[in-house]
Amino acid sequence: MSAAPAAEPVRLHVNGVEHDVVCDPDTPLLYALRNDLGLVGAKFGCGLGLCGACNVLVDGHPTHSCDTPVWAVAGKRITTVEGLGQDGRPHRLQETFVEAQALQCGYCTSGMIVTAAALLEREPEVDEAGVRRALDGNLCRCGAHNRIVRAVLCARPCAGRATGTT
Amino acid sequence: MRPALRRTSDGDDVTAPGNPSLGNNPRLDRWVSMCADGRVLVRSGKVELGQGVLTVLAQIAADELEVDPARVVMVPALTDASPDESYTAGSLSVQHSGGALRQVCARVRTLFLDAVAARWDVPADDLRIDDGTICAPDGRRSSYWELSGEVALDQDAAGAGARPAGVRRSVGRSLPRLDVPDKVAGRRRFLHDLRPPGLLFGRVVRPPSRGARLLTVDDARARAVPGVVAVVRDGSFLGVLAEREESALRGLEALRAGCTWDQPGTLPDELDLAAFLVGAPAQTVVLHEDGPDGDGPDGDEPPAADVRTIRARFTRPFLAHASIAPSAGIAQWDDGRLRVWTHSQGVYNLRTEIVRSLGLPPEDVVVQHVEGAGCYGHNAADDAAYDAVLLARTVPGRPVQVVWTRADELSWGPLGPAMVVEVEADVDASGQVRRWRHDVWSNGHSARPGGPSASPPLAAMHVADPAAPVPSTDPPLKNGGGSGRNAVPGYAFPRQRVRSHVLTTMPLRTSALRALGAHLNVYAIESVVDELALACGADPVEYRLGLLTDPRAREVLVAAAERAGWSSPLEDPAGTRGRGVGVARYKNTGAYCAVVAEVEAESSVRVARLTIATDVGLVVNPDGVVNQIEGGALQAVSWTTKERVRFDTHQVTSQDWEQYPILTFSEVPPVDVVLLDRPDQPSLGAGETSIGPTAAAIGNALRAAIGVRVGSLPLSAENVVAAMDASS
Ligand code: FES
Ligand code: FES
């Protein structure tokens, strides 16, 4: 019925590993991650850059992978929620999200964590209003917002590690 | 513990002593299996919708079996394996599935104890269970796992002599949710994430408008998209299949561009929705009548000279579920047999619908639940599954995943019905209500698959031999009602009459959205009660306490008021703030909830703070309940202050997050929840209980802030200004 997709591999640098992905260079990064690399943490929510469910870090900046073509990120440093932790240990945010039970359905969660990770990197002492501002582009329909804010505040280096489940 | 919405026509009276879940699935091995490796498999017919129900059920089972909850594996609902518990709906999961599991596990535990007692010739009462290990006083030990092959569970739970464990180790604790670790790590957990071998990506071109019929399609460009495998057309149902997801999306757009449609306009005027609802053909039902309702000369009590009548109208627009993920489904046909993976609220019900629509024997269809994003009622999950079924039928042997577009999710999914409520209260000079009337106009709140009045799956209405649309209906009030949910006031008013007018025509498909009619009914009742309090100069909390006889309702109201500092004046330097209260017992039979809201009304209505007290009976997982109450309240803030489905004469036009905005982080108020634990009372669902009282408290707070009652939801600048203009 139709020819196979163009066989020009695109080199993607994801979570510290180089991958050659064979796909149309216009393919949204989201699909390359989810379907070619098996990294399903980033989610499809709207495909329009309006919800943040698909957020990943590109050179440290939160980016909508749903409307970013792979050609635009070739050679850049891409980090997904799966790659946030280090040496087999989860990222501090992944711990505080569990401690604060900061989700209901969890579909928005990886986008939240990725966006918050960039925020804490940039502004480790951020206050509550700053967290809310930074997450305004990430939608949550379940109403887990206040728990998410709490989890992000607890993940600040200044917060120490003494938190518990609510 | 938001076991979402409700059972429909086969729903149960929640106060009935018999447990329908157990009654329909009496055999122990339907619910529980012991594994030799030390795990306990627990099957429930209820599904995880993001409400944490599986964790709660695991806690209940663990306590009754006296095992560590970590041993419990909750098996996702699967037809012919799991108990058939109909829908996960109506905030009934803890009552129904939890209640059944409690009995089943007590019986299982007793069977194992009796088996060990017989073997060792010791009284069963002398045996003790420690995390599944059965210990005799003399030190002998056995376990569920050791005996798993010997104690037969192929018998009914009804057998006499189940001794409840009577110890609560897990119940009452905030056990962390079982699904959370996977979700924070980004592991494959959602239906959207499944990639079975050989998967094809399917997408459906929905008609451009409600009444549209596909005339011609030129699919050459779609077929030319690299990776596209097939174009499927059946009447006005049109889809594309591709090896890669991005190819499916490109194919979808190419296909859409090649279509011509016949498009009559079928939708009413959105700007005069109330007139449409009140004027459309409808079936009127008297839901509740209490005391003589005459207003002379035929009535028995003509209005006294000092009685005046307060009349108020309240409206809400259509609301979208607006889940963060669009609906999805996977289907695979093999030799005429069909397997479906779905995030539906009821795997058996969806199977019934598939079997009915396609004329298949039920035994050839297997439906399995896989988690989706948050589910707040009857959304498009079943429709998406059916889309996958139709597309997969053309490629036997290959699984097909359909994911809806954001635009289709917001415009083609079933909507929460638009509603009009009119309240009329006769009040005497002392401020006493002498008569109370409540009328509600709405499309039906139920169209769930599988039921007698089920709406066909969306695609079944678009194929060449289409199923006729069925207007949605309301479940009877004794099952919680639909339009009339919470329309009967919880106050001791004499001479009440409550009627519903359910439309028999349905221009936009409606079905159950969290709390159903309770959102607007509670808003309306609590608004009028507030006006009555104001009219006689009474404090709104004191006034309500004077009318509430149910002690549990009084207690949540007092608890919320105290926690919110109701008795001290609100700080309001700029004169823009107001504080209001709302209280209701969900469905008049469920959980109790009172809310105090503070709002700030400047260029828009901003909710500044919510204080909530709730009584859900025995609390199984306190943090889970708080999470559900917060989530319900914030969704109610969003609906009440912002949301409105927009449409023109042809189609829903609010198709993305800019046209259908929902509450964002900066708009979310702090929410403080007080849980009143009632260890001696049955557990009640928490997921929907905060919706009505939150909406009502916001409306009353706005009234306090601006001195004007706004009856039209949402409380947008436009509606607030219109109400102010009307009152001046
Ligand atoms: S899916 Fe990318 S922003 Fe919504
Ligand atoms: S937890 Fe469900 S959308 Fe955020």
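Being within 14 Å of chain A (Cβ to nearest Cβ), among the β-branched types (Val, Ile, Thr) and not in a helix (DSSP H, G or I) is a property that B:Thr649 lacks.
A single member of B:Val167, B:Val180, B:Val171, B:Val204 is closer than 30 Å to A:Leu37 by Cα, open to solvent by less than 80 Å² (accessible area, probe 1.4 Å), away from chain A (no Cβ under 14 Å) and of a type outside the set (Phe, Trp, Tyr), and it is B:Val204.
When A:Asn55 is tested against (1) at the interface with chain B (Cβ under 9 Å from one of its Cβ atoms); (2) within 16 Å of ligand 2 (Cβ to nearest atom), just one condition goes unmet, and that condition is (1).
The rows are residues; the columns are (1) within 11 Å of chain A (Cβ to nearest Cβ); (2) touching a helix residue (DSSP H, G or I) at 6+ places or on another chain (Cβ under 8 Å); (3) within 30 Å of B:Ser712 (Cβ to Cβ).
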site	(1), (2), (3)
B:Val619	no, yes, no
B:Val637	yes, yes, yes
B:Thr641	no, yes, yes
B:Arg644	no, no, yes
B:Glu658	yes, no, yes
B:Phe665	yes, yes, yes
B:Glu688	no, yes, yes
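Can you work out which of the residues in the range B:215-255 that are touching a Gly at 6+ places or on another chain (Cβ under 9 Å) and polar (S, T, N, Q) is surrounded by the most Cβ atoms within 10 Å (Cβ to Cβ)? That would be B:Ser247.
Quick one: is A:Thr27 more than 16 Å from ligand 2 (Cβ to nearest atom) and within 7 Å of chain B (Cβ to nearest Cβ)? The answer is yes for A:Thr27. On the basis of being open to solvent by 10 Å² or more (accessible area, probe 1.4 Å), in contact (Cβ under 8 Å) with a residue 60 or more places away in the chain and within 30 Å of B:Trp657 (Cα to Cα), does B:Thr394 make the cut? For B:Thr394, the condition - open to solvent by 10 Å² or more (accessible area, probe 1.4 Å), in contact (Cβ under 8 Å) with a residue 60 or more places away in the chain and within 30 Å of B:Trp657 (Cα to Cα) - is not met. Scanning the range B:405-441 for residues that are within 16 Å of ligand 1 (Cβ to nearest atom) and open to solvent by less than 10 Å² (accessible area, probe 1.4 Å) returns B:Arg406, B:Leu410. State yes or no: is A:Gly106 within 13 Å of another protein chain (Cβ to nearest Cβ), open to solvent by less than 10 Å² (accessible area, probe 1.4 Å), of a type in the set (Gly, Ala, Ser) and more than 10 Å from the chain's Cα centre (by Cα)? It is true that A:Gly106 is within 13 Å of another protein chain (Cβ to nearest Cβ), open to solvent by less than 10 Å² (accessible area, probe 1.4 Å), of a type in the set (Gly, Ala, Ser) and more than 10 Å from the chain's Cα centre (by Cα).
Return a yes/no flag: does the range B:600-616 have any residue that is more than 12 Å from chain A (Cβ to nearest Cβ), open to solvent by less than 10 Å² (accessible area, probe 1.4 Å) and under 17 Å from the mean Cα position of the chain (by Cα). The answer is yes, given that some residue of the range B:600-616 is more than 12 Å from chain A (Cβ to nearest Cβ), open to solvent by less than 10 Å² (accessible area, probe 1.4 Å) and under 17 Å from the mean Cα position of the chain (by Cα).
Answer yes or no: is there a residue in the range A:147-166 that is more than 8 Å from chain B (Cβ to nearest Cβ), at negative phi, part of a strand (DSSP E or B) and surrounded by fewer than 20 Cβ atoms within 10 Å (Cβ to Cβ). There is no residue in the range A:147-166 that is more than 8 Å from chain B (Cβ to nearest Cβ), at negative phi, part of a strand (DSSP E or B) and surrounded by fewer than 20 Cβ atoms within 10 Å (Cβ to Cβ). Comparison of B:Leu65, B:Leu49, B:Leu92 shows that the only residue that is touching a residue at least 12 places away in the same chain (Cβ under 8 Å), touching a Phe, Trp or Tyr at 6+ places or on another chain (Cβ under 9 Å) and over 25 Å from B:Val167 (Cβ atoms) is B:Leu49.
The values are calculated or read from the model by the stated rules, or taken from the named source; none is laboratory data. What you see is a predicted model, and the numbers here were worked out from it, not measured in a lab. Cβ coordinates were reconstructed from backbone atoms using ideal geometry, including for glycine residues, and neighbour counts include every protein chain displayed. Note: areas computed on protein heavy atoms with side chains; ligands, DNA, RNA excluded. Shrake-Rupley method; radii C 1.70, N 1.55, O 1.52, S 1.80 Å.
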